[in-house]
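These notes are about the structure you will find just below.
Taken together, the values in this text are just the output of simple stated rules run on the coordinates, not laboratory data. The structure presented is a predicted model; accordingly, all values stated were derived computationally and were not measured. Please note: Cβ atoms are built from the backbone with ideal geometry, for glycine as well, and neighbour counts cover all protein chains shown.
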Amino acid sequence: MSEKILQNLRRIEGQVKGLQRMIGEERQCDEILTQIMAVKAALDRVTSDLVETQMESCFATLSVDEVKMQMAKTLKLLSKS
């Protein structure tokens with residue numbers, strides 16, 4: 001796994017822990033929502049990075065038909081929200 005992706009996931013972990021503290025401290029809803037949106041955006045960036053940098057290696061050993069099936073599966077996963 002890419003070191004960049006792991007670093008980003010560690011940062012997101014810190015953001016989520018910060019969210020837990022904020023909720024425990026009963027911080028303002030708008031502050032909490034702002035932080036939640038930042039975490040979501042960071043996860044979206046990790047997803048994009050994973051698709052961009054890792055899919056090539058994930059598909060490297062597959063046949064053309066297997067790549068097509070895996071791409072369809074990946075797109076289906078990405079479209080769930």
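Quick look at the values:
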quantity	calculated
Estimated FRET transfer efficiency when R0 is 25 angstrom, pair S48-K17 (beta carbons, to 0.05)	0.60
The chain, dipole about Cα centre (Lys/Arg Cβ +1, Asp/Glu Cβ -1), debye to the nearest 20	120
Gain upon complete extension [C29, R10; 0.36 nm per residue less C-alpha separation]	4.4 nm
Gain upon complete extension [T74, C58; 0.36 nm per residue less C-alpha separation]	4.6 nm
The stretch 3-79 shape via C-alpha gyration tensor axes, a/c threshold 1.5	prolate
